[in-house]
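Derivation of every value follows stated rules applied to the coordinates shown; laboratory data play no part. Being a predicted model, the structure only gives us computed values, none of them experimental. Every residue, glycine as well, gets a Cβ built from its backbone with ideal geometry; the counts of neighbours run over all protein chains shown.
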Amino acid sequence: AIGRELLGVGKLVTGYGAAPVLEEVSLQVRQGELVALLGANGAGKSTLMRSLAGLHRPVKGGMHFDGADISGLSPDAIVARGLVLVPEGRQVFKELSVLDNLRLGAFLYPQDRESRVEEMLERFPRLRERLHQRAGLLSGGEQQMLAVARGLMSRPKAMLLDEPSLGLAPKVIAELFAALDRLRAENMTILLVDQMAALALALADRAYVLEGGRVAAQGTAMEIAANNRLAEAYLGGH
Ligand code: ATP
């Protein structure tokens with residue numbers, strides 16, 4: 001069931017130096033929603049995700065999560081509030097074991113770590129088979145599962161998923177999206193950036209399209225998928 005607004009971005013302005021990347025971007029994600037954030041390469045999707053995670057400091061505008069202002073909070077404080085980023089490129093610690101990567105996801109909850117690891121191994125059985133291997137030896141798909149599992153270790157209220165399908169084979173992408181569909185069935189709130197726009201829209205409740213640093217379109221996933229101009233720009237070939 002979809003509930004109240006959990007995540008809100010209001011007129012966010014940011015960039016790197018002089019040229020702005022985002023110009024007054026606003027969006028909302030409600031409890032239990034899966035919202036897709038679409039846009040060409042360089043549109044600023046990762047910048048928005050990193051801003052929400054406290055990894056990039058916006059110039060102006062507001063960011064709210066679960067009723068609190070999160071602008072200016074440290075990345076750790078944002079995780080503690082229940083918002084977790086699964087970054088582009090997975091960013092698993094390749095030299096560490098799968099187990100230690102998972103444990104790091106619960107760095108705020110050391111006393112409860114091992115039971116959470118067990119939960120993740122039940123959710124992602126493939127990781128159990130690889131538990132003591134170095135994460136760098138996993139396939140791309142397994143590394144992405146590990147990155148999602150590491151994010152879940154803090155028991156977030158919402159997840160920011162940045163390009164989870166990047167570089168994965170179609171069959172692996174299907175498995176990954178099935179795992180995301182299970183998460184949303186459990187009422188997880190998700191903001192998803194993915195180049196596989198047709199797949200993302202098939203999973204999403206709603207979507208926003210970023211163009212030129214602004215929200216160029218927003219609507220239900222069906223509305224966005226049915227828009228000819230957007231379909232041509234973002235859904236071609238997938
Ligand atoms: P992609 O899918 O290619 O990652 P994106 O929509 O996520 O695209 P961003 O990564 O947010 O886009 O990048 C937006 C713009 O900001 C791009 O023009 C990019 O070159 C620039 N940019 C991103 N990170 C930095 C940085 N650390 N320093 C300077 N410019 C940056």
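Summary of values
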quantity	calculated
10 Å-binned pair-distance histogram of the chain (Cα, whole percent)	8, 33, 37, 19, 3, 0
Per-pair calculated FRET efficiency, R0 = 25 Å: L104 and S139 via Cβ, rounded to 0.05	0.80
Cα centroid separation - region 186-216 against region 1-72, whole Å	13 Å
Total lysine pairs whose alpha carbons fall under 27 Å of each other in the chain (8 or more apart, or interchain)	10
Residue with peak Gaussian network fluctuation, the chain [Cα springs, cutoff 10 Å], from A204, A226, A106	A226
Cα gyration tensor, region 114-172 - rounded (a/c under 1.5), prolate or oblate	oblate
Among beta bridges that DSSP assigns inside the chain, antiparallel share in %, nearest 5	55 percent
Positive-pole candidate from V117, S165, A226, dipole of the chain, charges at beta carbon	V117
Under the Karplus curve 6.51 cos²θ - 1.76 cosθ + 1.60, θ = phi - 60°, whole-Hz ³J(HN,Hα) for region 132-147, x wherever Gly or Pro sits	9, 7, 5, 4, x, 8, 6, 5, x, x, 5, 5, 5, 4, 5, 5
Relative contact order [Cα under 8 Å, 6+ residues apart], region 1-160, whole percent	22 percent
Folded to 0 to 90 degrees: helix 113-123 orientation relative to the chain principal axis, Cα	70 degrees
